[in-house]
Amino acid sequence: MTANELKHKDNVERALATCRSRLKEKPNHLPFQIAEEQLSYLLTCLSGKEFNAKELSEINVGLLAVREFEPHDMELANQIYEALEAKKYLAQNNQDET
């Protein structure tokens, strides 16, 4: 794994850990559930276990960050923004699999 890939993995793991922490506090909060699912998928793609360009393109956790998290949880929102760099990286580096 390259240094760049490790950076993306660390960012996704950090956002996922924060999201899971918030989910423990509010287990029925749908935005946290969706964010956890999408961040987990990004981590799966980064690990090389799975990659689906269509599923990757449908990740919209950034919208959740803007609409749901920014107003009251900038820490999580910023971590999600950093984690979304992994989506761009994966899309660019897996174009031949689309």
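Counting only protein heavy atoms and a probe of 1.4 Å, the accessible surface of the chain is 48% carbon and sulfur.
Under 1.5 on a/c is rounded, so check that first for the range 1-58, then, if it is not, pick prolate when a/b is larger than b/c and oblate when it is not; a ≥ b ≥ c are the square roots of the alpha carbon gyration tensor eigenvalues. Oblate. For the range 41-98, dividing the convex hull volume of the Cα atoms by the residue count gives 67 Å³ per residue.
Extension gain for Lys26-Glu58 works out to 9.1 nm (0.36 nm per residue, less the C-alpha to C-alpha distance). For the pair Met1 and Glu70, a Förster radius of 35 Å applied to the C-beta separation gives a FRET efficiency near 0.70, rounded to the nearest 0.05. Legend: translational diffusion of the chain by Stokes-Einstein, Rh = Kirkwood radius over C-alpha pairs, 20 °C, 1.002 mPa s; D = 160 µm²/s.
The values are calculated or read from the model by the stated rules, or taken from the named source; none is laboratory data. All values derive from a computational prediction rather than experimental measurement. When we count neighbours, we look across all protein chains shown, and the Cβ atoms used for this are built from the backbone with ideal geometry, even at glycine. Heavy atoms of the whole protein, side chains included, go into the accessibility calculation; ligands, DNA and RNA do not. Shrake-Rupley method; radii C 1.70, N 1.55, O 1.52, S 1.80 Å.
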